[in-house]
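Following: one structure in structure tokens, then a few remarks.
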Amino acid sequence: MNPIPKKLLDRVHDTIHLEKYSNKTEGAYLNWIIQYILFHDKKHPQCMSASEVVAFLTYLAVEWEVAASTQNQAFSALLFLYREVLQYVKTSFQFVGANRSKRVPVVLTKTGAQQIFVCLSGNIKLIYQLHYGSGLRVNEAVRLREKDVDLEQHEIIVRDGKGAQDRVSILSESILEQLKSHLVNVEDICQQDFRNGNGRMYLPYALARNYPNAEREWIWQYVFPAKILSRSKADGIICRHHISPATVQKAVRCQ
């Protein structure tokens, strides 16, 4: 008996995970693919070609007046759909590009950073100190695990950063003691979770299967855990995920 073919979006989901793209990229790609299908009255992408892709991307630039970066993201999503999922390797596109803005970048001064830090406290302040002092993106800071922080060498290892690259960053001495104290508090939270029968940690790339006990080891715990327990979307276990990047960004916008 032949297996039932998977739906298109399920195939996109599987391919994204196979290529080890981030959850954020997955959400963006799925959104643009759905928008593309709806734009063409729910026609299946397999029944469309480059002309429909060009029409959609041109519409984004001309009618929606989206930024060039937004159009490029939509283009990347559709390119991924056709080349990686549908295997249309030779597909090429020519479309009207959105206008690229030419703006002078806004650089936060040392004084400006200090003024922000004064208004922040707790985990949010520590995350932005890492953001400013160690050059970590907010997404990278919230995903740090205990094993990624080397207090002796004053280093932070960023795992699977932009472009799926790892890198080493300097840990500023000015926050070293604060970070040590923070980790002691986090370990107390983890131990309490363990005593309550929770505390299992989501592990990437099937590590939980290869190392059954690793999900309860301290080194895999998040440096900036969420305040409440939640159910993992990956396997349904009750765990303490990391703090949401949106929560961190909102706290700064409110200052």
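Consider only pairs whose beta carbons are under 8 Å apart and that are at least six residues apart or on different chains; among these, list those whose first residue lies in the stretch 211-235 and is assigned by TED's automatic domain parsing to the domain that holds residue 146 and whose second residue is part of a strand (DSSP E or B) and of a type in the set (Val, Ile, Thr).
Filtered contacts from the stretch 211-235: 223/149; 229/238; 230/238; 231/238; 232/238.
Please specify each residue of the stretch 132-153 satisfying the condition of being farther than 15 Å from residue 167 by Cβ and of a type outside the set (A, V, I, L, M, F, W, C).
Hits for the stretch 132-153 are 132, 133, 145, 146, 147, 152.
In the stretch 229-255, how many are surrounded by 17 or more Cβ atoms within 10 Å (Cβ to Cβ) and at pLDDT 80 or above?
Number satisfying all stated conditions: 7.
Is it the case that residue 26 is touching a residue at least 60 places away in the same chain (Cβ under 8 Å), closer than 27 Å to residue 143 by Cβ and in a helix (DSSP H, G or I)?
No, not satisfied.
For the stretch 159-188, give me each residue that is modelled with pLDDT of 90 or more and under 20 Å from residue 201 (Cβ atoms).
Residues satisfying the conditions are 179, 182, 183, 184, 185, 186, 187, 188.
Please go through (1) surrounded by fewer than 13 Cβ atoms within 10 Å (Cβ to Cβ); (2) modelled with pLDDT of 90 or more; (3) over 28 Å from the mean Cα position of the chain (by Cα) for residue 3 and return the number of the only condition it doesn't satisfy.
Of (1) surrounded by fewer than 13 Cβ atoms within 10 Å (Cβ to Cβ); (2) modelled with pLDDT of 90 or more; (3) over 28 Å from the mean Cα position of the chain (by Cα), only one is false for residue 3: (2).
Checking residue 74 against (1) surrounded by 10 or more Cβ atoms within 10 Å (Cβ to Cβ); (2) at pLDDT below 75, which single condition isn't satisfied?
Condition (2) is where residue 74 drops out.
Kindly establish whether residue 35 is modelled with pLDDT of 95 or more and either farther than 22 Å from residue 71 by Cβ or not hydrophobic (A, V, I, L, M, F, W, C) (or both).
When the stated conditions are applied, residue 35 passes them.
Among the residues of the stretch 29-52, write down those that are over 29 Å from residue 139 (Cβ atoms) and in a helix (DSSP H, G or I). Full working, then the answer.
So the first thing to find is which residues in the stretch 29-52 are over 29 Å from residue 139 (Cβ atoms), and the list is 39-52.
39, 45, 46, 47, 50, 51, 52 - these are the residues of the stretch 29-52 that are over 29 Å from residue 139 (Cβ atoms) and in a helix (DSSP H, G or I).
I'd like the full set of residues that are touching a residue at least 40 places away in the same chain (Cβ under 8 Å) and assigned to a helix (DSSP H, G or I), limited to the stretch 56-89.
73, 74, 76, 77, 78, 80, 81, 84, 85
The values are calculated or read from the model by the stated rules, or taken from the named source; none is laboratory data. Predicted model only: the values in this text are computed from it and were never measured. In this analysis, Cβ positions are derived from the backbone assuming ideal geometry, glycine residues included, and neighbour counts consider all displayed protein chains.
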